[in-house]
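A.B. asks: Below is a structure I'd like to ask you about.
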Amino acid sequence: MSNATLDGAPIAIGAAYEHSARVLAKARFPLVAGLGTDVAGARAAILLAEKLRGAFDHLASDELLADVEAMRSFGMFTTTANEARLRADVALFVGPGLTERWPALLERLALGKPAHYHRNTPRKAIWLGPKRSEGKIQGLEVETIAAAPETLPALVASIRARVGGRPIALEGAQAKRADAIAETLKAARFGVAIWSASSIDGLAVEALQGLLTDLNLTTRFSGLPLGARSGAAGVGQIAGWMTGFPPRTGFGRGYPEHDPWRFDAQRLVESGEADAALWISAYDGEPPRWSRKDLPLVTLGPKGASAEHGLFIEVGRPGESHDSLELAQEVSSFVLRQATKPDAAPSVADVIKAIDAHISENAKC
Amino acid sequence: MLTCLRGGRVIDPATGTDAIGDIYFEAGRIVAKPDGGAPVETIDVSGHIVMAGAIDIHSHIAGGNVNTARLLLPEKHRAIRARLEGTPLSTAKWSTYEIGRLYAQMGFTTVVEPAMAPHQSLQTHLELAETPLLDTGALTILGNDDFLLEMLRDGESQTAINDYVARTVDATKSLGLKCINPGGVAGFKENMRVFGLEDVVPFYGVSSKQIFQALQRATQAVGIHHPLHLHMNNLGIAGNIDTALATIDASQGLPLHLAHVQFYAYGKEGKNGFSSAGAAFAEKVNANENVSIDVGQVMFSETVTVSADVLKQYNSLTGANPKKGAIFDGDANGGGIVPYAYQISNYYNAVQWAAGLELFLLVKDPAQVFFTTDHPNGGPFTTYPELFALLMSADLRAQMMARLPADVLEQTTLPSIKREYTLYEIAQMSRSGAAKLFGFTDRGTLKVGAVADIAVYKDQRDKAGMFRKAAHVFKNGERIVKDGEVSHYVTGRRLHTRPSFDKAIEKRLDAYYDELYGLPRTIFDLPAAALPHHDAFAEVSCRS
C-alpha cells in the first residue's frame, strides 16, 4: 500500500512513478538531494544521479563536510565509542548539544564506571562549552568550561599551545585554567575527545584535531565524532566507495566531480542551475530549505510528511517500516536495523527502482 | 552455448600444460573437446597466450580503511573521462566500480581483500558486493582483540581458541585469518611506539610470538586452507630482517604466509644504515617449505599506505606526502592511512624496490612467492603489468637500475641476478599457486570442470603492454573484456570458507559482549541476507 500526492491531490502510485521519471529525465541538471536514507536507498539514489548526469547532496552535508574537510586538509584521529568505554581515562567533550545529537552518548561511554583497562585509575571528564543542561555524568565529576561555540576554536587553540609549552595571550585565571586542562590532557593514558560538527564549526574541528596531533607526541589521545542527522555519516561512506567522494558531487561531465560549493543543493536550486530535484528524507520528513516553489520536485518522505507542491511519495522509515543497513553511532560501523514496526510502505530503494525503470540508459548520453 | 578458443598458446601450470591448443567452455565451465559437432562460437586466438583468470592474493580494495583513503585524498583521484555505456561509475577513480574494471582489463578474475576487522565486516562486504566483474574474498583480522588475548592470558585450551577462530571466520564470511602486528596494535593504545616479536602486550602478559603461534595452530586445526596470513612486527624499519628470520624460526614447521615481506627485508649496512636483506630473506624461505610469501613490491609512484598496523602507520605520519593522514584506533585493530610517494631518486625507496625484486628472483619455488604490491601500499595494483615485465627481463631491470642513486647498487645483490621469469612461472605465481594457497579447486586453472574464468593476451615483446590490456577476458564463460575494454558488468561471487566449531562459543560470546560492551553480540553479525547480491556467496570447502 502506498500513498502519493501531486500538488496535494492523491495520485495513483504507478502514475506517480511515471511522473517522477518524466520530471527527472527531462531536466538538464537534476538534483538528488536530502539523501536521508539507508544503504540501499543511498546506493539507488547515487546510481540514479549518475544515470541522469545530475548531482547529489545530503541534507546535513555542511556538518558531514566539516569533519571530512578537517581530515582531508589536515588529518584526523578517530576511535569508537567502544574503545572510549573500555579504555578512556580522560574524556574531553567539545561543544554544546552532544547529548541531543546522540541521546545515548553518556550511557554508552559509561564513564562513571571503571574502565576495562586501568580499572583502578579514576576517569576524568572535561566539557568545553556545554549547554546549561548538559555537562553532568552520573558517578563522575565533570569540569565544565563555559564557552560560546564561536569562541571554541580559540579556546582549543590556547589549550593546544599550552600542551606544547607555547605562550598564549590569555592571562590570570584563564591562563591558569588552560594550563590545568593541558596538564590533565597530557597526563591521560588514552584520552578521547568527543565532538559533533552539528554544533561546532570546521575551524573548531580542525583546532581540536591539531590538539590531538600534539597530544599524541607523548601519549595517546583520539577523537569520537558524532555523526550528523539523517544518516549523514553512512551516506558519506557509501558515496565514498561508489564515487570516491562524499556528497556534493556532480556527474555533469559523465564522471564524478566533487565540489562543496558548486554542488551544494541549496545553491544549485537558488541559482537556477538545477532544474528539477528528487528530495529524500525518509527518517524525518525534513523539507528542503530552499525557497523556490517553482522547481519541479519529487519528494520521498515518511507518513505524515507532505509536500505542498510537486509530487510526494510516501516511503517507510528505515529500520522501522523495513529492515535497513545503516552506519550505527554506537559501534562506528554498519549494522542491520531490523524493522521495529514492519509495514508495506515501500523503501526509498524500492521507489527509486520503480522510477528508474521508466528512465532509459541513454536518456542523457 | 559451447565456445572454443582456437589455436592459442595454453599455459596452465595446474595441469602442466604449455602448448598450442584449444580451450572449450560451456555454461560457465571449462569442458572437454566435444566428440563431433562444431562449437557454436569459435574465437581464433592464434598468436595469443591463454591462461586462467589471474588471482590477486593480497590487495586492499574494500573496507573502512580503504574508504578513508578515498575521502582523505580527493585531489589524488580526480576522474578525467566519462564512462562507456553499460558500466556506471567505472571511470570514478578509486571507486569499487573502477577497481572491478581495471582488474578485469588486466585479466584478473579473483581478488582477496586481506584485512577485514570483525566489527567492520559488513562494510567490507558491502564494498565487495559493489565491486563488479570480480570474485572476491577477504581475510578476517584477529590478534589484537581482547577476547583472544584474554584467552591466551588465562591459559585457555587450544580447542577453545580453535572454536573462537572458526566461529569468527564463519560469521564474517571470510577465507581465513589475517594477523597484523600481533599485540602491537593493542600495545600502541597503551602508548608503545615499537613492538617486537618477543614484546609483551600490556594487561595480557602474552608475547607477539605466542599470539601468532596460537592462531597458526588454530588455522590448521579447524581446516582452513589458507595458512595464517601474518603481517609481522617492525614493518619498514632498518634491520627488521632479524624480526623476519626470527618469525620464520618460530613458525613451528606449520604453514605460514608472510605478507608483503619486502617491507621486512632490510639490513643496516651502508652509510645510510639501510640496505637490502632480500637475499638473506629469500634464502630463509628456500630453506623453509612451510612458509609462503607475497612481496609487496615497491613501484615508483604516488600512492597511499593503508594498514591496520596502527602503530606503524602513526610512525609513518612524519613522512606523509602530502602531509596529512588518518589514524583510527578501532575496536581491536583500526587503521592508519598515510599518503606517500615512492621516488626513484630516493635512496631508501630505491633499496626497497631492489629488495622486492631480489625476493621474487631468489626464491626458487614460484609456488612459495606471490606477486603483490600490497596494493596500494607499495604501489597501485595497476602497476602489475610493469612488475611482470621487470621479472621477465634482466635488461629492463638493468635499465631501471641505471636510474637509481649509485650507492643503492652496493646494498643489493640485484645487479648480479640474471634470472628471467617465464610466462609459465608468471602463471604459476598468479594462477595455479595462488589457487592452491586458498584451496580453490575450481579456478586458477583451465582443467575440465573449472570455472570458465579465462584471460587471453596478445603475445608481444612488450610484456607490460600485453598484461595491461587483455585481448579477451571471460568470466564464468561470459566475455567481459575485448581489446582491453570492459563491455558490461557481471556480478562476482564472494568466496568464503565455513570451518565448524562448537556452538557453545556463541553463548560465551553473548555473555562477553553483554558484559564488556553492554551490546548484543548480534549487532556485529554479518546480515548476509540484507546485502546486495546476497545470493552470490560461494563456499570454499575446508581441508578434511
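A.B. asks: Let me spell it out: the conditions are (1) within 14 Å of residue B:110 (Cβ to Cβ); (2) touching a strand residue (DSSP E or B) at 6+ places or on another chain (Cβ under 6 Å); (3) crowded, with 22+ Cβ neighbours inside 10 Å; (4) not basic (Lys, Arg), and residue B:451 meets all of them except one. Which number is the exception?
C.D. replies: (2)
A.B. asks: Considering only region B:186-197, I want to know if a residue exists there that is out of contact with any helix residue (DSSP H, G or I) (no Cβ under 9 Å at 6 or more places or on another chain), more than 14 Å from chain A (Cβ to nearest Cβ) and of a type outside the set (D, E, K, R).
C.D. replies: Within region B:186-197, the first condition is being out of contact with any helix residue (DSSP H, G or I) (no Cβ under 9 Å at 6 or more places or on another chain), and the residues that meet it are B:191.
Imposing the further condition that a residue be more than 14 Å from chain A (Cβ to nearest Cβ) reduces the set to none.
There is no residue in region B:186-197 that is out of contact with any helix residue (DSSP H, G or I) (no Cβ under 9 Å at 6 or more places or on another chain), more than 14 Å from chain A (Cβ to nearest Cβ) and of a type outside the set (D, E, K, R).
A.B. asks: Now a separate question. Among the residues of region B:131-158, which ones are touching a helix residue (DSSP H, G or I) at 6+ places or on another chain (Cβ under 8 Å), polar (S, T, N, Q) and away from every other protein chain (no Cβ under 13 Å)?
C.D. replies: Quick first cut of region B:131-158, residues touching a helix residue (DSSP H, G or I) at 6+ places or on another chain (Cβ under 8 Å) only: B:131-134, B:136-138, B:140-149, B:151-152, B:158.
Among the residues that remain, those that are also polar (S, T, N, Q) are: B:131, B:136, B:140, B:144, B:158.
Answer for region B:131-158, where residues must be touching a helix residue (DSSP H, G or I) at 6+ places or on another chain (Cβ under 8 Å), polar (S, T, N, Q) and away from every other protein chain (no Cβ under 13 Å): B:136, B:140, B:158.
A.B. asks: Could you tell me whether any residue of region B:92-106 is in contact with an Asp or Glu (Cβ under 8 Å, 6 or more places away or on another chain), part of a loop (DSSP other than H, G, I, E, B), of a type outside the set (A, V, I, L, M, F, W, C) and in contact (Cβ under 8 Å) with a residue 40 or more places away in the chain? Explain how you work it out, then say what you get.
C.D. replies: Step one: of region B:92-106, the residues in contact with an Asp or Glu (Cβ under 8 Å, 6 or more places away or on another chain) are B:92, B:96-97, B:103, B:105.
In the following step, the residues that additionally are part of a loop (DSSP other than H, G, I, E, B) were identified as B:92.
Restricting the remaining residues to those that are of a type outside the set (A, V, I, L, M, F, W, C) gives none.
No, region B:92-106 has no match at all.
A.B. asks: Could you grab me the full set of residues in region A:90-104 that are surrounded by fewer than 22 Cβ atoms within 10 Å (Cβ to Cβ), of a type in the set (A, V, I, L, M, F, W, C) and within 15 Å of residue A:197 (Cα to Cα)? If you could, list the steps in order and put the result at the bottom.
C.D. replies: The first filter runs over region A:90-104 and keeps only residues surrounded by fewer than 22 Cβ atoms within 10 Å (Cβ to Cβ), leaving A:97, A:99-104.
Now restrict to residues that are of a type in the set (A, V, I, L, M, F, W, C): A:102, A:104.
A:102, the sole residue that qualifies.
A.B. asks: Give me the residue from region A:269-292 that is of a type in the set (D, E, K, R) and farther than 17 Å from residue A:20 by Cα and, out of that set, surrounded by the fewest Cβ atoms within 10 Å (Cβ to Cβ).
C.D. replies: Residue satisfying both the conditions and the ranking: A:289.
A.B. asks: Pick out, from region A:279-333, the strands (runs of 3 or more DSSP E) lying fully within it that include 2 or more residues that are under 21 Å from the mean Cα position of the chain (by Cα).
C.D. replies: A:297-301, A:324-328
A.B. asks: Another question, then. Return the residues of region B:381-399 that are free of Cβ contacts under 8 Å to residues at least 60 places away in the same chain and surrounded by 19 or more Cβ atoms within 10 Å (Cβ to Cβ); say none if nothing qualifies. Even if it seems obvious, please write down each step before you answer.
C.D. replies: Just the residues of region B:381-399 that are free of Cβ contacts under 8 Å to residues at least 60 places away in the same chain, to begin with: B:390-391, B:394-399.
B:390, B:391, B:397, listed by residue number.
A.B. asks: Still on this structure: Of all residues in region A:214-255, which are in a strand (DSSP E or B), farther than 30 Å from residue B:84 by Cα and touching a residue at least 60 places away in the same chain (Cβ under 8 Å)? Step through it out loud before you land on a result.
C.D. replies: So in region A:214-255, the residues in a strand (DSSP E or B) come out as A:220-226, A:249-250.
Next, only the ones that are farther than 30 Å from residue B:84 by Cα stay: A:220-226.
Scanning region A:214-255 gives A:221, A:222, A:223, A:224, A:225, A:226.
A.B. asks: Would you mind listing the strands (runs of 3 or more DSSP E) fully within region B:297-413 where at least 2 residues are within 14 Å of another protein chain (Cβ to nearest Cβ) and at pLDDT below 95? Let's see the steps before the verdict.
C.D. replies: Details: elements: B:302-307, B:326-329, B:335-341.
In region B:297-413, there are no strands (runs of 3 or more DSSP E) which contain 2 or more residues that are within 14 Å of another protein chain (Cβ to nearest Cβ) and at pLDDT below 95.
A.B. asks: Could you please find all residues in region B:130-143 being touching a strand residue (DSSP E or B) at 6+ places or on another chain (Cβ under 7 Å) and not hydroxyl-bearing (Ser, Thr, Tyr)?
C.D. replies: From region B:130-143, those touching a strand residue (DSSP E or B) at 6+ places or on another chain (Cβ under 7 Å) are B:133-143; that's our starting set.
Correct list: B:133, B:134, B:135, B:137, B:138, B:139, B:141, B:142, B:143.
A.B. asks: Of the residues in region A:166-186, how many are modelled with pLDDT under 95 and in a loop (DSSP other than H, G, I, E, B)?
C.D. replies: 3
A.B. asks: Starting from residues that are in a helix (DSSP H, G or I) and aliphatic (A, V, I, L, M), keep the ones in region B:173-202 and report whichever is nearest to residue B:57 (Cα to Cα). Outline the logic, then answer.
C.D. replies: Taking region B:173-202 first, the residues in a helix (DSSP H, G or I) are B:184-189.
Going one step further and asking which of them are aliphatic (A, V, I, L, M), we end up with B:185-186.
Numbers: B:185: 23, B:186: 26 Å.
That would be B:185.
A.B. asks: Just to be sure before I move on: is residue B:294 more than 11 Å from chain A (Cβ to nearest Cβ) and acidic (Asp, Glu) in the structure I sent? First the steps, then the outcome.
C.D. replies: Numbers: more than 11 Å from chain A (Cβ to nearest Cβ): yes; acidic (Asp, Glu): yes.
Taking the combined requirement at face value, the residue satisfies it.
A.B. asks: Tell me the residue from B:242, B:163, B:170 that is part of a helix (DSSP H, G or I) and in contact with an Asp or Glu (Cβ under 6 Å, 6 or more places away or on another chain), please. First the steps, then the outcome.
C.D. replies: On the way: B:242 fails: in contact with an Asp or Glu (Cβ under 6 Å, 6 or more places away or on another chain); B:170 fails: in contact with an Asp or Glu (Cβ under 6 Å, 6 or more places away or on another chain).
Selected residue: B:163, the only one of B:242, B:163, B:170 that is part of a helix (DSSP H, G or I) and in contact with an Asp or Glu (Cβ under 6 Å, 6 or more places away or on another chain).
A.B. asks: Shifting gears a bit: Can you confirm whether residue A:124 is in contact with a Pro (Cβ under 6 Å, 6 or more places away or on another chain), surrounded by 14 or more Cβ atoms within 10 Å (Cβ to Cβ) and not β-branched (Val, Ile, Thr)?
C.D. replies: Values: in contact with a Pro (Cβ under 6 Å, 6 or more places away or on another chain): no; surrounded by 14 or more Cβ atoms within 10 Å (Cβ to Cβ): yes; not β-branched (Val, Ile, Thr): yes.
Considered against the rule, which asks whether it is in contact with a Pro (Cβ under 6 Å, 6 or more places away or on another chain), surrounded by 14 or more Cβ atoms within 10 Å (Cβ to Cβ) and not β-branched (Val, Ile, Thr), residue A:124 comes out as no.
A.B. asks: Out of (1) within 11 Å of another protein chain (Cβ to nearest Cβ); (2) over 16 Å from residue A:47 (Cβ atoms); (3) aliphatic (A, V, I, L, M), what's the single condition that is false for residue A:313?
C.D. replies: (1)
A.B. asks: Being within 15 Å of the chain's Cα centre (by Cα) and either at the interface with chain B (Cβ under 10 Å from one of its Cβ atoms) or surrounded by fewer than 24 Cβ atoms within 10 Å (Cβ to Cβ) (or both) is the filter here, so list the residues in region A:246-259 that pass it.
C.D. replies: Our first condition is that a residue be within 15 Å of the chain's Cα centre (by Cα); within region A:246-259, this holds for A:246-248.
Across region A:246-259, the qualifying residue is only A:246.
A.B. asks: Would you mention how many residues in region A:333-355 are crowded, with 18+ Cβ neighbours inside 10 Å, farther than 17 Å from residue A:302 by Cα and either more than 10 Å from chain B (Cβ to nearest Cβ) or in contact with a Phe, Trp or Tyr (Cβ under 9 Å, 6 or more places away or on another chain) (or both)?
C.D. replies: Count: 4.
A.B. asks: For region B:144-160, give me the residue count where each residue is under 25 Å from the mean Cα position of the chain (by Cα) and either in a helix (DSSP H, G or I) or among the acidic types (Asp, Glu) (or both).
C.D. replies: Here is the first cut: in region B:144-160, the residues under 25 Å from the mean Cα position of the chain (by Cα) are B:144-145, B:148.
Okay, now just the ones that are also either in a helix (DSSP H, G or I) or among the acidic types (Asp, Glu) (or both), so B:145, B:148.
Number satisfying all stated conditions: 2.
Residue-by-condition table, conditions (1) touching a Phe, Trp or Tyr at 6+ places or on another chain (Cβ under 9 Å); (2) farther than 23 Å from residue B:335 by Cβ; (3) away from chain B (no Cβ under 14 Å):
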position	(1), (2), (3)
A:15	no, yes, yes
A:43	no, yes, no
A:47	no, yes, no
A:65	no, no, no
A:77	yes, no, no
A:86	yes, no, no
A:97	no, yes, yes
A:109	no, no, no
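A.B. asks: Still on this model: Answer yes or no as to whether residue A:33 is part of a helix (DSSP H, G or I), surrounded by 23 or more Cβ atoms within 10 Å (Cβ to Cβ) and at pLDDT 95 or above. Walk me through how you get there before you give the answer.
C.D. replies: On the way: part of a helix (DSSP H, G or I): no; surrounded by 23 or more Cβ atoms within 10 Å (Cβ to Cβ): yes; at pLDDT 95 or above: yes.
No, not satisfied.
A.B. asks: Which one of these does residue A:73 not meet: (1) surrounded by fewer than 20 Cβ atoms within 10 Å (Cβ to Cβ); (2) at pLDDT 95 or above; (3) over 23 Å from residue A:248 (Cα atoms); (4) within 14 Å of another protein chain (Cβ to nearest Cβ)?
C.D. replies: (3)
A.B. asks: Filter region B:119-130 for residues that are more than 9 Å from chain A (Cβ to nearest Cβ) and more than 24 Å from residue A:83 (Cα to Cα); which is surrounded by the fewest Cβ atoms within 10 Å (Cβ to Cβ)?
C.D. replies: It comes out as B:129.
A.B. asks: Restricting the search to region B:405-425, which residues are surrounded by 16 or more Cβ atoms within 10 Å (Cβ to Cβ) and farther than 30 Å from residue B:347 by Cβ?
C.D. replies: Selection gives B:423, B:424, B:425.
Per-residue answers, yes or no, for (1) within 14 Å of chain A (Cβ to nearest Cβ); (2) buried (at least 16 other Cβ atoms within 10 Å of the Cβ):
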| residue | (1), (2) |
| --- | --- |
| B:21 | no, yes |
| B:26 | no, yes |
| B:33 | no, no |
| B:36 | no, no |
| B:43 | no, yes |
| B:47 | no, no |
| B:57 | no, yes |
| B:62 | yes, yes |
| B:68 | yes, yes |
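The values are calculated or read from the model by the stated rules, or taken from the named source; none is laboratory data. For clarity, every value in this text was computed on a predicted model and none was experimentally measured. Here Cβ is always computed from backbone atoms with ideal geometry, including for glycine, and neighbour counts include all displayed protein chains.
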